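To keep things clear, I will list the structure first and then write my remarks on it.
The values are calculated or read from the model by the stated rules, or taken from the named source; none is laboratory data. No experiment lies behind these values; they were computed from the predicted model shown. Don't worry about glycine lacking a Cβ; one is built from the backbone with ideal geometry, like all the others, and counts go over all protein chains shown.
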Amino acid sequence: MSKLKFVHINVLCYPRERSLKAEITFSGPFTGSVSAKGYHDNSACSLPIQQQSGTHITLRFDSCGIRRKTGIPGKHQKVKYWLEFEILAATSSFASEIGCEYYQFLEDQYAAHTPSPPSHYPLPTVNLWVEPNNNSPATSSLNIALTDNSRFELAVGQCEAWDTASKQGFILTDKNGCSINKDVMTDLVTLKSRALASPRTLMQAYLNNQVFPANREYSVTCNYVLCAGVCDTRSRC
């Protein structure tokens, strides 16, 4: 094992998969292990690392000592999952409480009224893609589209970019979907169209091509929730 050095830990909630993902970026090649504290010997709750500068581990909500806390019941109930997390090296260790949270909008609320959703009430599709900005060669556009905005609204949370070559992560937005650094990415702007044959909502932001050059390969992911009705955006940017 090596001496413990790390840059940051990013935690994402995946309600559909009933799991959370912890993404750890080290300051250099690291050998050791990461795990839920007290579950180092459980392969479902721990991960060995061998000379890696970054890694991630996915843990199920109902395992590894993960705890759950809910807010006031209602249309926009907040749910939080957290645990004690540990990084072990040969000569040092690090332990901290980590967690993630999201709003229960659609699935639990709808299932409580209709255990078997009818086929004529399907969930809409959410697509994310990046493309060149023809109006400004210095930027590219990040697009997040909801295919049906007649019944649902979309609220975007934390977004991040991952450099495939260097295996370095960039946090683009906070948990409210607000840009952390406007020189890297602008705030998302919501564009709606209900006049189309297939009404949709499009959220759009612009990425700085000096930070994300075209000759490098990046992946971009975003957390989001679907709201059956209107999303609670009072706390957003």
Qualifying positions in the range 48-60 - of a type outside the set (Ser, Thr, Tyr) and surrounded by fewer than 18 Cβ atoms within 10 Å (Cβ to Cβ)
Pro48, Gln50, Gln51, Gln52, His56, Arg60
Among (1) modelled with pLDDT of 90 or more; (2) within 25 Å of Lys21 (Cβ to Cβ), where does Ser92 come up short?
(1)
Out of all the residues in the range 33-50, which are more than 17 Å from Ala89 (Cβ to Cβ) and out of contact with any Cys (no Cβ under 6 Å at 6 or more places or on another chain)?
Gly38, Asp41, Asn42, Ser43, Ala44
Please work out if Ser140 is modelled with pLDDT under 80 and either surrounded by 15 or more Cβ atoms within 10 Å (Cβ to Cβ) or within 26 Å of Leu12 (Cβ to Cβ) (or both).
no
Where a residue in the range 180-201 is at pLDDT 90 or above and its partner, wherever it lies, is loosely packed, with under 14 Cβ neighbours inside 10 Å, with Cβ under 8 Å and at least six apart
Asp187/Cys237
May I ask you to list the residues in the range 203-218 that are loosely packed, with under 11 Cβ neighbours inside 10 Å and at pLDDT below 85?
Pro213, Ala214, Asn215, Glu217
Counting just the residues of the range 24-44 that are polar (S, T, N, Q) and closer than 29 Å to Ser166 by Cβ, which one comes out modelled with the lowest pLDDT?
Ser27
